[in-house]
Amino acid sequence: MTTTAEIHDSIRAVQWQGDHLRLLDQRLLPGEERWIDCRDAAQVTQAIRDLAVRGAPAIGIAAAWGVAMAAQQGAALEPVLAMLRAARPTAVNLMWALDRMKQRIASGTDALLREAQAIQDEDLAANRHMGELGASLIAPGSGVLTHCNTGSLATAGYGTALGVIRAGVAAGRIARVYAGETRPWQQGARLTMWELVRDGIPAQLIADSAAAHLMKSGAVQWVIVGADRIAANGDTANKIGTYQLAIAAKYHGVKFMVVAPSSTVDMATGSGEEIEIELRDPAELLGTNGCRTVVEGAQAWNPVFDVAPAELIDALVTERGVIERPNGMAMQAMFGR
Ligand code: MRU
């Protein structure tokens, strides 16, 4: 039986083809739906680094397939693991997936292929479960604001924060959806709006700088975001701009929800202070679509993640359950080893 939530979920951007990995090139959306075929682990690494595939769970899944493909090709796997691990620093799902693959190396190629498939399948199942858990926190008729892209494109499918929005819309709990454009790379404008339009979910794009004004208007009751790494005290690294949304939400009495699979939780990192924040090429900020928009000679600082402190988070939703107002003790109880 097809559920209402599944009707709003048609996109699969990471597809294993038996001997290579097919990725929907997220750099070109929404203008062009072009697929790229990665035929070795170096091409997968490049795709992760260049954001052809992006989003914390999706880069972990792509990396896992990169390792499985290298095993099929008889490559030495330790250098492949090191190469993939260095592709991007902040999203811990990448390291988590590679650690899982590493543990299977001794069992052979078939075991590695099964592990990559399991990582992908478990992510989709986690997203569906988190969708239900997160949506149940939202009062019927609410408005929500999301940031970046946390949907099918960023995961095995369905999405994390966008999964909650899919489930909340399907259940009639969410009446209004707003998406921030997410400068400079425009994941919200280019990717989230593409997913929402394609899956028939009405939404309005806002400039990132309109968020506090939107909250003041009373149109949104929840900000719902994903995560790239959640520290042991609940501090959460996510796309740049998340921190200021959390501050503005607290000021306006808007609730703040983080939605992420347990593969995003890093209990070995004590607090957000210890999370490496990726700095990307200033050119991403100095132009759009490769076209320079800022005067030649100007410089830019381009951190692409920030950290929302745990004290600003009302609900942390993972597939293991919901933690309200996360702190070290609650995190240890749910994720401690
Ligand atoms: O730089 P990106 O596009 O990979 O950053 C993505 C995000 O920050 C997402 O919010 C996060 O990975 C969660 S995706 C389910």
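Spin-label model, D37 to R49: label points 7 Å out along the Cα-to-beta-carbon direction sit 2.3 nm apart.
Element breakdown for the chain at a 1.4 angstrom probe: carbon and sulfur atoms account for 51% of the accessible area.
Can you give me the Rg/Rh ratio for the range 8-93, using Cα atoms for both radii and the Kirkwood formula for Rh?
0.96
Once you order the gyration tensor axes a ≥ b ≥ c over the Cα atoms, which shape class does the range 238-290 get: rounded for a/c under 1.5, otherwise prolate or oblate by comparing a/b with b/c? Cα axes put the range 238-290 in the oblate bin.
To the nearest 0.05, what FRET efficiency results for E132 and A333 with a Förster distance of 22 Å applied to their C-beta separation? My answer for the efficiency is 0.55. DSSP beta bridges fully contained in the range 126-335 are about 40 percent antiparallel.
Under a Cβ-only charge scheme (Lys and Arg +1, Asp and Glu -1), can you give me the dipole magnitude of the chain about the Cα centre, in debye to the nearest 20?
That gives the chain a dipole magnitude of about 440 debye.
Using the alpha-carbon positions of the range 217-265, Rg (one decimal) and Dmax (whole number) come out as 11.3, 36 Å. For the chain, the relative contact order works out to 16 percent when only alpha carbon pairs closer than 8 Å and six or more residues apart are counted. Largest GNM mean-square fluctuation across M193, M130, M83, computed for the chain with C-alpha springs under 10 Å, falls on M83.
Using the reciprocal of the averaged 1/r over all distinct C-alpha pairs, how large is the Kirkwood radius of the range 274-329 in Å? Computed over the range 274-329, the radius equals 14.6 Å. Considering only DSSP beta bridges with both partners in the range 154-273, what is the antiparallel share in %, to the nearest 5? Roughly 20 percent of the beta bridges in the range 154-273 run antiparallel, per DSSP.
For the range 52-96, a Kirkwood hydrodynamic radius built from all Cα pairs, placed in the Stokes-Einstein relation at 20 °C and 1.002 mPa s, yields a translational diffusion coefficient of 202 µm²/s. A convex hull fitted around the alpha carbon atoms of the range 26-160 yields 114 Å³ per residue. Helix-only arithmetic for the chain: the sum of -39500 (n - 2.57) across DSSP H runs with n ≥ 4, divided by the residue total, places the mean residue ellipticity at 222 nm at -11000 deg cm²/dmol. Please report how far the C-alpha centroid of the range 81-160 lies from that of the range 205-270, rounded to the nearest whole angstrom. A separation of 19 Å, based on Cα centres.
Once the 1.4 Å probe is applied to the protein heavy atoms, the chain comes out at 41 Å² accessible per residue.
Enclosing the Cα atoms of the chain in their convex hull gives a volume equal to 135 cubic angstrom per residue.
With a cut-off of 18 Å on the backbone N, the residues of the range 274-311 near the modelled label site 7 Å out from V197 along Cα-Cβ are 289. Orientation-averaged projection of the range 183-251 equals 5.4 nm² [convex hull of Cα atoms, one quarter of hull surface area].
For K250, a cut-off of 19 angstrom between C-alpha atoms picks up these aspartates and glutamates, skipping any fewer than 8 places away in its own chain: D208, D235, D306, E311, D314, E324.
Between E274 and A298, what length comes free when the chain is fully extended (0.36 nm per residue of separation minus the Cα-Cα distance, one decimal in nm)?
5.6 nm
Rg to Rh ratio, the range 227-327, alpha-carbon atoms and Kirkwood radius? My calculation puts Rg/Rh at 1.08. Return the lysines within reach of K255: Cα separation strictly under 30 angstrom, same-chain partners fewer than 8 residues apart disregarded; answer none if there are no such residues. Result set, ordered by chain and number: K216, K239.
The values are calculated or read from the model by the stated rules, or taken from the named source; none is laboratory data. Here the structure is a predicted model, which is why all the values come from computation and not from measurement. Neighbour counts are summed over all protein chains in view; Cβ atoms, including those assigned to glycine, are modelled from backbone coordinates with ideal geometry. Side chains are part of the model used for accessible areas, which takes the heavy atoms of the whole protein and leaves out ligands, DNA and RNA. Shrake-Rupley method; radii C 1.70, N 1.55, O 1.52, S 1.80 Å.
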